[in-house]
Amino acid sequence: IVIVGGSYGGLNCATQLAKQARRLNLDITLVEPRKCFHHALGYLRAAVDAHVAEQCFIPVDNLPCIRDGTVKRLHARVTAVHAEMVMLDDVDGTKLPYDYLVMATGATDSTPMGLDVAEKEEALRRMKNARDAICAAQRILVVGGGPLGIELASEINEAYPKKQVTLVTSAPRLAAKPDAISPKLSAKVFTKLEAMGTHVILGQRMPLTEAELAAGWVTGDRSWSLPNGEQVRVDLMV
């Protein structure tokens, strides 16, 4: 069994299969190029808390089933998938055969707090840049009313209650995508955010340029006019 990816799905799969490895005579290999498991769910908290940032990175080789040898760990990246084998990017161009293949490659995000970096040091550098930008700003705009936007706005408000935080979403309510959360819970989240100090603007699309969308984070004093005529002036847009 070859498992490609050492994040939430891949590590959990390896752990569960390892419990049956001896009984079923399983040969399990985990392919993951990164040294550390990146605890992505902690990234937004790490945007305001340096201590949490360090805790977001857990060495993959610390996984008990890897330490005891039940699961073999390969520091490599899969470059091609074929019917009975995968190709690796190591110096030998290893061909790794399998009977069963688990693709658990997860997702990446190229924004400044994104998950597209392999090394802990670069990810920590990005987190520090984000913390510095948030710390320096007084008026912060969060674009997007999904779970990430909601959490980021609340993390900033909790860490810096005196900062002016505005959240803008084009949707008629927070977390409006189907099956995200119920309208009743969405209304409670709206009330909670407003109580924390976040100014929530619903049903308004930010007139952002392609460059601003690609950058993800825009610093400096900026002002936008929303379709309803409201002016949004900030010195950090996320």
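Quick note: the coordinates plus some simple rules give every number you see, no bench work behind them. What you see is a predicted model, and the numbers here were worked out from it, not measured in a lab. Note that we place each Cβ from the backbone using ideal geometry, even for glycine, and neighbour counts take in every protein chain shown.
Of note:
- About the Cα centre, charge dipole magnitude for segment 2-103 (Lys/Arg +1, Asp/Glu -1 at Cβ), debye: 280 debye
- Note on Arg205 and Lys177: their simple-model spin labels are 1.8 nm apart, each label 7 Å out from Cα toward Cβ.
- For the chain, the dipole from Cβ point charges (+1 on Lys and Arg, -1 on Asp and Glu) about the Cα centre works out to 680 debye, to the nearest 20.
- For Leu236, the residues whose amide H sits under 5 Å from its own are Arg139, Leu141, ignoring neighbours fewer than 5 places away on the same chain, with H placed 1.01 Å from N.
- Its Cα gyration tensor gives the chain an equivalent ellipsoid, and the semi-axes of that ellipsoid, as √(5λ) in whole Å with the largest first, are 41, 19, 17.
- Leading residue at positive end of dipole, segment 2-103 (Cβ point charges), from His38, Tyr98, Leu26: Leu26
- Descending semi-axes in whole angstrom, ellipsoid equivalent of segment 162-235, from the Cα gyration tensor: 23, 16, 12
- The label-point distance for Glu84 and Arg139, in a model that sets each label 7 Å from Cα toward Cβ, rounds to 6.6 nm.
- When you count the other C-beta atoms within 10 angstrom of each residue and take the mean per peptide, 63-72, 123-132 line up highest first as 123-132, 63-72.
- For the cross-link pairs Lys120/Lys162; Lys72/Lys95; Lys19/Lys95; Lys35/Lys72; Lys162/Lys192, the ones whose C-alpha atoms lie over 22 Å apart are Lys120/Lys162; Lys19/Lys95.
- Ratio of Rg to Rh for segment 55-174: 1.11 [Cα atoms; Kirkwood radius as inverse mean 1/r over pairs].
- The alpha-carbon positions of segment 2-103 define a convex hull whose volume is 108 Å³ per residue.
- Applied to segment 48-61, the Karplus parametrisation 6.51 cos²θ - 1.76 cosθ + 1.60 on θ = phi - 60° returns per-residue 3J(HN,Hα) values of 10, 9, 5, 5, 5, 4, 4, 6, 7, 10, 10, x, 4, 5 Hz, with x for Gly and Pro.
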